[in-house]
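Just below is one structure, and these are the notes that go with it.
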Amino acid sequence: MKNTAWPVPLLREQAEKALKSLHSDEEGLATAEYGIVMLAAVGFAGLLTAILTSDTVRGLLESVVQNALSH
């Protein structure tokens with residue numbers, strides 16, 4: 001009786017074909033990841049701009065610069 005519990009090893013050609021089919025299923029994935037990273041970067045830049053243009057932070061930064069230049 002033949003043992004069929006373990007998968008039969010693939011030939012090199014079969015393995016290459018299987019890997020190529022897996023890779024083709026992921027086409028466009030890098031572009032989607034890039035888009036998500038760009039959206040996150042734009043959101044972070046907007047948040048940073050809002051924080052840095054507030055009067056409180058602007059006054060704090062001005063005082064730090066004035067103290068640094070006066071010493």
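The values are calculated or read from the model by the stated rules, or taken from the named source; none is laboratory data. Since this is a predicted model, take the numbers as computed values, not measurements. Don't worry about glycine lacking a Cβ; one is built from the backbone with ideal geometry, like all the others, and counts go over all protein chains shown.
In table form, for the structure just shown:
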| read-out | value |
| --- | --- |
| Extreme residue, modelled with the lowest pLDDT, among residues of the stretch 52-64 that are of a type in the set (Val, Ile, Thr) and surrounded by 10 or more Cβ atoms within 10 Å (Cβ to Cβ) | 57 |
| Any chance residue 13 is out of contact with any Cys (no Cβ under 7 Å at 6 or more places or on another chain), at pLDDT 85 or above and exposed (fewer than 10 other Cβ atoms within 10 Å of the Cβ) | yes |
